[in-house]
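Asks: I am attaching a structure below and will ask some questions about it afterwards.
The values are calculated or read from the model by the stated rules, or taken from the named source; none is laboratory data. Just so it is clear, the model here is predicted, and its values are computed rather than measured. No Cβ is skipped: glycine too gets one built from the backbone with ideal geometry, and neighbour counts run over all protein chains shown.
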């Protein structure tokens, strides 16, 4: 890679992070626009039962999550030998097609297909762009490279999603997705013009990437992320009824609580990248401990305004502290298959999203109250911590069992 000036390096990192912003928008904006989507795509069903139509429109979120889980390992395996910049550009083209397709598809079924297509490059983008960013930042800064790209996702949650949601409510949900498609086009141009060429990893191949899936340690770390991160989604999915029914605030306060979560995510992501580069194993253990503590604080104090906002901030910060840490850890346990390891992190996150929301919903359905998802989140965080400790312990035993070479 050519020598870069500090200005060129940081503009290249911003271009890659802009992709994270666009991904955050295309993934999360549907949650705030489901009534508008249901009214527009399912008019007869909406007239008969608005709640039923909204629930059906929620399949868009499921289709996207499924696309992430399928696309991340598949694209990682098929593109092992593709130069990183070329790969990122190809993934952005797929994002543009899927997102604009979501805006113009005439029927609900075609919209679901478009959402699935838009999700396919999600995990591979964070993997490829994260490794590209790590190369730009230099040796010893791998986790900070991933954090730089993930920062776009946190910025989207902090400011972009509320703004695009408001615009979609005023101008229509299709206009919202057209604008998000425009952000992807802007990212495509920025990456093409600013980001330097970086070769694919030496010795990379589809077979090497797929070999990672045969390693039990890879699945153990992926399970650690899927279960441990599910606590965040259990809380975040039901933070609106906590605000209105537990803290007894108006629905107009909900966006501000989400801003607190987003601000915590932004700070936690930056700290996580720095700590992970210094001591990856310690950073993961600290992160899960912080997640458990912050979720307990939220569950115990959300009845007050201060407790609600402080707990929301702490949960966002501690959870995203683990974001770059988990991605770096998956790469560590998948030597020779870095892209697969990085992409699996996003698959694990989307499994966590589904698992956390489902388990939190069960707690509420069983009559345990709107704070029950937080207590479920505590249990999930403890399980994540235990799994992380187990993965470190088994790794140490494996190294100790390896024969020591005899010097001739």
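Asks: Just a yes or no: is a residue in the range 199-216 buried (at least 23 other Cβ atoms within 10 Å of the Cβ), within 30 Å of residue 395 (Cα to Cα) and at pLDDT below 90? Lay out the reasoning, then the answer.
Replies: Kept after step one, since they are buried (at least 23 other Cβ atoms within 10 Å of the Cβ), are these residues of the range 199-216: 209, 212.
Imposing the further condition that a residue be within 30 Å of residue 395 (Cα to Cα) reduces the set to 209, 212.
Imposing the further condition that a residue be at pLDDT below 90 reduces the set to 209, 212.
Yes, because at least one residue in the range 199-216 is buried (at least 23 other Cβ atoms within 10 Å of the Cβ), within 30 Å of residue 395 (Cα to Cα) and at pLDDT below 90.
Asks: Sticking with this one: Which members of the range 136-174 meet the condition of being more than 24 Å from residue 283 (Cα to Cα) and without any contact (Cβ under 8 Å) to a residue 12 or more places away in the chain?
Replies: The answer is 163, 166, 170, 171.
Asks: Now a separate question. Out of the range 302-347, which residues are assigned to a loop (DSSP other than H, G, I, E, B) and in contact (Cβ under 8 Å) with a residue 60 or more places away in the chain? Give the derivation first.
Replies: Quick first cut of the range 302-347, residues assigned to a loop (DSSP other than H, G, I, E, B) only: 302-304, 333-337.
Selection gives 302, 333, 334, 336, 337.
Asks: Considering only the range 110-130, state which residues are buried (at least 18 other Cβ atoms within 10 Å of the Cβ) and either more than 17 Å from residue 347 (Cα to Cα) or free of Cβ contacts under 8 Å to residues at least 40 places away in the same chain (or both).
Replies: At the first step, the residues of the range 110-130 found to be buried (at least 18 other Cβ atoms within 10 Å of the Cβ) are 111-112, 114-130.
Answer for the range 110-130, where residues must be buried (at least 18 other Cβ atoms within 10 Å of the Cβ) and either more than 17 Å from residue 347 (Cα to Cα) or free of Cβ contacts under 8 Å to residues at least 40 places away in the same chain (or both): 111, 112, 114.
Asks: Does residue 34 fit the bill of being within 22 Å of residue 341 (Cβ to Cβ) and in contact (Cβ under 8 Å) with a residue 12 or more places away in the chain? Steps first, answer last, please.
Replies: Working: within 22 Å of residue 341 (Cβ to Cβ): no; in contact (Cβ under 8 Å) with a residue 12 or more places away in the chain: yes.
When the stated conditions are applied, residue 34 does not pass them.
Asks: Something else now. Tell me, yes or no, whether the range 97-109 has at least one residue that is without any contact (Cβ under 8 Å) to a residue 12 or more places away in the chain, surrounded by 15 or more Cβ atoms within 10 Å (Cβ to Cβ) and either under 24 Å from the mean Cα position of the chain (by Cα) or not in a helix (DSSP H, G or I) (or both). First the steps, then the outcome.
Replies: So in the range 97-109, the residues without any contact (Cβ under 8 Å) to a residue 12 or more places away in the chain come out as 105-106, 109.
Add one more test, that the residue is surrounded by 15 or more Cβ atoms within 10 Å (Cβ to Cβ), and what stays is 105.
From the residues that got through so far, the ones that are either under 24 Å from the mean Cα position of the chain (by Cα) or not in a helix (DSSP H, G or I) (or both) too are 105.
The answer is yes, given that some residue of the range 97-109 is without any contact (Cβ under 8 Å) to a residue 12 or more places away in the chain, surrounded by 15 or more Cβ atoms within 10 Å (Cβ to Cβ) and either under 24 Å from the mean Cα position of the chain (by Cα) or not in a helix (DSSP H, G or I) (or both).
Asks: While we're on this one: Can you list the helices (runs of 4 or more DSSP H) lying wholly within the range 227-301 that have 3 or more residues being closer than 19 Å to residue 382 by Cα and not assigned by TED's automatic domain parsing to the domain that holds residue 144?
Replies: On the way: elements: 230-236, 254-278, 280-301.
In the range 227-301, 230-236, 280-301 are the helices (runs of 4 or more DSSP H) which contain 3 or more residues that are closer than 19 Å to residue 382 by Cα and not assigned by TED's automatic domain parsing to the domain that holds residue 144.
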